[in-house]
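Undergrad: Quick one: this structure, given as structure tokens, is what I'll be asking you about.
The values are calculated or read from the model by the stated rules, or taken from the named source; none is laboratory data. Small disclaimer: the values here were computed from a predicted structure and weren't measured. Note that each Cβ is placed from the backbone with ideal geometry, even for glycine, and that neighbours are counted across all protein chains shown. With ligands, DNA and RNA removed, areas are computed over all heavy atoms of the protein, side chains included. Shrake-Rupley method; radii C 1.70, N 1.55, O 1.52, S 1.80 Å.
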Amino acid sequence: MEFAQQPILVTGGAGFIGANFVNDWLAGENTPVVTLDKLTYAGNPDNLSDWRGDARHEFVRADIGDVAAVNALLARVRPRAIVNFAAESHVDRSIHGPEDFITTNIVGTFRLLECARAYWSGLADAEQAAFRFLHVSTDEVYGSLQPGTAPFREINPFEPNSPYAASKAASDHLVRAWHHTYGLPVITTNCSNNYGPYQFPEKLIPLVIHHALVGKALPIYGDGRQVRDWLYVGDHCAAVRTVLRKGRLGETYNIGGWNEQANIDVVHMICDLLDAERPRGDGISYRDQVTHVADRPGHDRRYAIDAGKIFHELGWKPRESFATGLRKTIRWYLDNVAWVERVVSGDYRDWLAQNYAAR
Ligand code: NAD
Ligand code: DAU
């Protein structure tokens, strides 16, 4: 088979963004996908259930840090690209227990890079030139912005503030070094906050939707004036496909929504949409459930992305506005209550107790 027709390997493809990426890819592209995922608490094979029995998709349960498993998979599948979404991704969890973040985000990425390098070194020249290692990262590596200052550009220095952000920054540096030193054909993307279907309800938007519907408090950390730059997940996935197709080797591309919002405003918008779509039985607005709780330690005040490079160089821009994306997201959660019920059992309740009980 021609190398261009070989599968792509998507790590972390059973998580929120990875699953959206795999689903969108298989719906719109011709080449197959192999998904590798450890299935931590955040990974859910149900997110990929559309492809059960479809020859274009294979799911493999493995850890990106398991060198023997990854080497064997690369030798068998011969992917034309690796898209690395696999990570521990929740800032609050990184504050309560940073070790998993070091293990997966730093050591795991290092081992995956070494496996990729060994595989790539053994390819024919034309295949080596076509191969890509795309590393999916975050805007949090750049630290926190003061109000009114310019959004993050790719040339901003790294100033990560949480254990999560520091571990992602370390992984970005490793990816850069594997290109500079060994010539591995890498590209890194640094994206802002995503929202949309299949997001685990530990993150702000799905947590607030879920808590609103089950009558729980909507916890706002501190004054709620922290700002995030929200991007609909489908737009992030389209950006990653664009970078994979046209991005320049060794470069980093910032991806964002040109959509800065304060947390309290986001929560109020969710309440207002739910008031319209699924009003409370007592006629009172969901805003009544908003509760201010103790702030996140080291909480970054503002993130904002200058996505000018990917727009001008590669022609990508988001399609969804925050209004259309948020409405779609809320409808997805209303239509998929069974999915939410399945993921909020067991360990999830322990997490809520750990993170919120003492606030
Ligand atoms: P997520 O936590 O929903 O999913 C992570 C997935 O990785 C899960 O399926 C999990 O099982 C898997 N995984 C974890 N450790 C693994 C390991 N050692 N080996 C194999 N698989 C493993 O995360 P997400 O929100 O989908 O984020 C995906 C990627 O995008 C991450 O790298 C994250 O840093 C980055 N990112 C996320 C956002 C966001 O807003 N969510 C924004 C920018 C960048
Ligand atoms: O910026 C990109 C990053 O966005 C990704 O790299 C991370 O993987 C992703 O989790 C996200 O990080 P945040 O910490 O910004 O997302 P989170 O949804 O956890 O929180 C969004 C904001 O809402 C943040 O300012 C903290 C606040 N918050 C969050 C929760 C869970 C609350 O006020 N209350 C809450 O209960």
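Undergrad: Once the Cα gyration tensor of the stretch 6-86 is found, what semi-axes does its equivalent ellipsoid get, as square roots of 5 times the eigenvalues, in whole Å, sorted largest first?
TA: Equivalent ellipsoid of the stretch 6-86: 17, 16, 10 Å, largest first.
Undergrad: Around ARG331, with a cut-off of 12 angstrom between Cβ atoms, what is the net charge of the other residues, counting Lys and Arg +1 and Asp and Glu -1?
TA: Combined, the nearby Lys, Arg, Asp and Glu give +1.
Undergrad: Something else now. Using alpha-carbon pairs under 8 Å, 6+ residues apart, how would you state the relative contact order of the stretch 50-172 in percent?
TA: Reported as a whole number, the value is 31 percent.
Undergrad: Over the Cα atoms of the stretch 231-359, what radius of gyration and what Dmax do you get, in Å?
TA: 18.4, 57
Undergrad: In square angstrom, what is the accessible area per residue of the stretch 1-77 with a 1.4 angstrom probe?
TA: 43
Undergrad: Only Cα pairs under 8 Å and at least 6 apart count here; give the relative contact order of the chain as a rounded whole percent.
TA: 17
Undergrad: Roughly how far apart, in whole Å, are the Cα centres of the stretch 46-89 and the stretch 1-41?
TA: Cα centres, the stretch 46-89 to the stretch 1-41: 7 Å.
Undergrad: Can you return the lysines within cross-link range of LYS328? Criterion is Cα-Cα under 22 Å, with same-chain partners fewer than 8 residues away left out.
TA: Straight-line reach from LYS328, under 22 Å: LYS203, LYS317.
Undergrad: Just add up the charged neighbours of VAL67: K/R +1, D/E -1, any other residue whose Cβ is under 11 Å from the Cβ of VAL67.
TA: Within the 11 Å Cβ shell, the charges total -2.
Undergrad: For the chain, with a Gaussian network of springs between Cα atoms less than 10 Å apart, report the residue from GLY315, GLY247, GLY283 with the top mean-square fluctuation.
TA: Evaluated over the chain, the most mobile residue of the options is GLY283.
Undergrad: Pairwise over distinct Cα atoms, reciprocal of the mean inverse distance: report the Kirkwood radius of the stretch 150-214 in Å, one decimal place.
TA: Final number for the Kirkwood radius of the stretch 150-214 is 14.7 Å.
Undergrad: Show me, bin by bin at 5 Å from 0, the whole-percent P(r) of the stretch 304-359 based on Cα pairs.
TA: Spelled out per bin, shortest first, that is 4, 14, 11, 12, 13, 14, 14, 11, 6, 1.
Undergrad: Please report, as a whole percent, how much of the solvent-accessible surface of the chain comes from carbon and sulfur atoms (probe radius 1.4 Å).
TA: On the chain, the fraction of accessible area on carbon and sulfur atoms equals 50 percent.
Undergrad: Now a separate question. Using the Kirkwood radius over Cα pairs, work out the Stokes-Einstein diffusion coefficient for the stretch 97-185 at 4 °C and 1.567 mPa s, in µm²/s as a whole number.
TA: 90
Undergrad: Taking a quarter of the surface of the convex hull around the Cα atoms of the chain, what do you get in nm²?
TA: In nm², the orientation-averaged hull projection of the chain is 17.3.
Undergrad: Semi-axes of the equivalent ellipsoid of the stretch 1-138: what are they in whole Å, largest first, if each equals the square root of 5 times a C-alpha gyration tensor eigenvalue?
TA: Semi-axes (√(5λ), whole Å): 24, 19, 12.
Undergrad: From the P(r) of the stretch 195-288, could you give the percentage of C-alpha pairs in the tail past 18 Å?
TA: 55
Undergrad: Note the direction-averaged projected area, equal to a quarter of the hull surface, for the Cα convex hull of the stretch 297-336, in nm².
TA: Seen from a random direction, the Cα hull of the stretch 297-336 projects 5.1 nm² on average.
Undergrad: Taking the Cβ of GLU320 as the center, what net charge do the other residues with Cβ under 14 Å away carry, scoring Lys and Arg +1 and Asp and Glu -1?
TA: That works out to +2.
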